[in-house]
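Below is one structure; the comments refer to it alone.
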Amino acid sequence: MITDLRKALITLAVFGMALSLQMPANAQQRITREQLDQLSLNDVIIFRNEQLRQAEIVVNSCDDSSYIDSSTCYAQGLQYTNLIANLDIYIAQREAIGE
């Protein structure tokens, strides 16, 4: 019973957050919670790791560029940090409910 209650509370908390993950400004796509829900947990982890890899490439390229203001690179880095943090939370929530 406690396990079912815990799962229900976590599910309510997850829906209450209305998590909609936005890609950083340079990306052309958005991924919604509904789209993440369609993926297996392993696929979400792969997506998260790919976003981290992409973030490192994009932010490092931005930092190395002489014509892009450093504040733009910093803002872009923050957007990626936020995206990765949101994905980490989403993954932890799915793991907590036993998926």
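Derivation of every value follows stated rules applied to the coordinates shown; laboratory data play no part. Computed from a prediction, not measured in an experiment: that's the story for all the values here. No Cβ is skipped: glycine too gets one built from the backbone with ideal geometry, and neighbour counts run over all protein chains shown.
Odds and ends about this structure:
- Cut-off 12 Å between beta-carbons: net charge of the residues surrounding Asn49, Lys and Arg +1, Asp and Glu -1: -2
- Förster radius 35 Å - calculated FRET efficiency between Ile97 and Asp69, Cβ distance, rounded to 0.05: 0.25
- Taking label points 7 Å from Cα along the Cα-to-Cβ direction, Thr32 and Arg53 give a separation of 2.8 nm.
- Once the C-beta distance of Asn60 and Ile84 is scaled by a Förster radius of 22 Å, the resulting FRET efficiency is 0.90 to the nearest 0.05.
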